[in-house]
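Undergrad: Structure provided below as structure tokens; questions to follow.
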Amino acid sequence: MISRISILGTGLLGTSAGLALRATGFPGSIVAWNRSPEQGRLALEMGAFDSLVTDPIEAALASQVVLLCVPIYATLDFMEKLAPVLGTDQLVTDVGSTKRVISEAGTRLFNQSGRAAFLPGHPMAGKERGGATLGDANLFRGAVWLFTDDPKAQRSPQATELVKEWRQLVQSIGSKVIDLDPARHDELVSWVSHLPQFLATALSALLEDQVGDAPELKDVGGRALREMTRLGASPYSMWRDIALTNTEAVEHALHALEQRIAHLRENLRAPELRDEFEQANRFRRD
């Protein structure tokens with residue numbers, strides 16, 4: 001049974017994971033590390049963890065499960081450092097928003113004879129801003145937690161049991177578990193997560209250029225404006241690694257959107273405009 005978890009990264013997802021585990025009665029110990037001690041202390045004061053450590057590798061060595069809640073390239077860096085020192089009775093998992101690169105590293109570094117287990121994960125939950133102060137014990141309730149496990153993974157019986165128990169813990173905090181192939185994951189999230197973010201970013205940046213200094217904007221801009229630009233508040237630091245590790249899929253989605261917008265522009269006075277609205281309505285109904 002899992003009795004000690006290390007959470008490396010106490011931003012929104014790491015803090016929320018700690019709070020969620022505590023809210024569901026996880027009886028074990030939860031320790032955490034964060035690059036910013038101030039953010040780490042905020043999460044600790046919120047009750048997300050039992051203690052804050054200064055050495056993430058030492059914390060991982062003393063834990064059965066290590067949850068990586070850092071940006072994608074930081075996750076890859078931690079994987080390189082942890083793989084040679086962890087044992088076959090330990091599990092590393094993550095929350096990265098792209099999975100192909102991380103899954104490939106997991107197969108190369110873990111899930112083989114003499115190495116710890118690695119389970120690539122991605123909770124489809126979040127907010128437009130990050131940080132410990134936005135941590136929420138209910139963030140994952142009703143959300144999907146995706147796993148892109150390697151079907152050829154070679155794990156010890158202890159590690160196999162840890163994978164099973166971690167999946168159960170994820171379900172206990174209210175998430176629905178779904179398994180996907182890593183390439184399919186990245187293709188799918190490019191449409192349903194990454195494209196909406198880049199659309200909101202482009203729209204918000206365009207509005208800032210065109211009407212950002214309009215004194216009437218606060219009064220004229222209504223609910224539609226707020227909803228369509230909410231994701232425009234997301235910082236570059238949250239999305240840089242996603243853009244770099246899922247470039248082709250995002251490029252494809254953006255190109256398709258460009259064509260669709262051009263189609264709308266060309267048919268503003270034509271019956272085809274009605275067809276677009278009807279198709280959009282079908283998507284929302286479904």
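Undergrad: For segment 2-18, what does the Karplus curve 6.51 cos²θ - 1.76 cosθ + 1.60, with θ = phi - 60°, yield as ³J(HN,Hα) per residue in whole Hz, taken in order and with x for Gly and Pro?
TA: So the Karplus estimates, Gly and Pro as x, are 5, 10, 8, 10, 10, 10, 9, x, 10, x, 4, 6, x, 5, 5, 4, x Hz.
Undergrad: Sort all Cα-Cα distances of segment 4-64 into consecutive 5 angstrom bins from zero, then give the percent of pairs in each bin up to the one containing the longest distance.
TA: Calculated P(r), rounded to whole percents: 4, 23, 35, 25, 12, 2.
Undergrad: Follow-up. Note the full-extension length gain between LEU61 and THR24 as 0.36 nm times their separation in residues minus their Cα-Cα distance, in nm to one decimal.
TA: 10.8 nm
Undergrad: How much accessible area does GLU104 have with a 1.4 Å probe, in Å² rounded to the nearest 10?
TA: About 100 Å², ignoring ligands and nucleic acids.
Undergrad: Quick one: in the chain, what % of C-alpha pairs are over 22 Å apart?
TA: In whole percent, the share of Cα-Cα pairs in the chain beyond 22 Å is 62.
Undergrad: Could you compute the FRET efficiency for LEU225 and GLN168, with r as their C-beta to C-beta distance and R0 at 51 Å, rounded to 0.05?
TA: Details: r = 42 Å, r/R0 = 0.83.
Computed FRET efficiency for LEU225 and GLN168 comes out at 0.75.
Undergrad: Tabulate in residue order the Karplus-calculated ³J(HN,Hα) for segment 136-151, using 6.51 cos²θ - 1.76 cosθ + 1.60 with θ = phi - 60°, rounded to whole Hz; enter x for Gly and Pro.
TA: These are the phi-based 3J(HN,Hα) values: 9, 4, 9, 4, 8, 5, x, 8, 8, 10, 8, 10, 10, 5, 8, x Hz.
Undergrad: In segment 46-147, carbon and sulfur make up what percent of the accessible area (probe 1.4 Å)? Walk me through the intermediate numbers first.
TA: On the way: 1870 of 3820 Å².
So the carbon and sulfur contribution to the accessible surface is 49 percent.
Undergrad: Per residue, how many Å² of accessible area does segment 1-86 show with a 1.4 Å probe? Please report the intermediate quantities before stating the final value.
TA: Working: 3480 Å² over 86 residues.
That works out to 40 Å² per residue.
Undergrad: Accessible area per residue, 1.4 Å probe, Å², for segment 97-202: what's the number?
TA: On the way: 4820 Å² over 106 residues.
Heavy-atom accessible area per residue stands at 45 Å².
Undergrad: Simple spin-label model, 7 Å along Cα-to-Cβ: ASP179 to THR54 in nm?
TA: Rounded to a tenth, the inter-label distance reads 4.3 nm.
Undergrad: If we sort 89-97, 118-126 on the protection proxy, mean other Cβ atoms within 10 Å, highest first, what's the order? Before the final figure, lay out the partial values.
TA: Details: 89-97: 25.0, 118-126: 23.4.
Answer by packing, highest mean first, reads 89-97, 118-126.
Undergrad: So how much slack lies between SER3 and ARG274, counting 0.36 nm per residue of separation and subtracting their Cα-Cα distance, in nm?
TA: Result for the pair: 91.8 nm of gain on full extension.
Undergrad: Rounded if a/c is under 1.5, else prolate if a/b is larger than b/c, else oblate: which is segment 192-286, with a ≥ b ≥ c the root eigenvalues of its Cα gyration tensor?
TA: It is oblate, given that a/c is not under 1.5 and a/b is not larger than b/c.
Undergrad: For the residue pair ARG108 and PHE283, what label-to-label distance in nm results when each label sits 7 Å from Cα along the Cα-to-beta-carbon direction?
TA: About 3.5 nm separates the two model spin labels.
The values are calculated or read from the model by the stated rules, or taken from the named source; none is laboratory data. Computed from a prediction, not measured in an experiment: that's the story for all the values here. Neighbour counts run over all protein chains shown; Cβ positions are idealised from the backbone, glycine included. Surface areas here come from the heavy atoms of the whole protein model, side chains and all, with no ligands, DNA or RNA. Shrake-Rupley method; radii C 1.70, N 1.55, O 1.52, S 1.80 Å.
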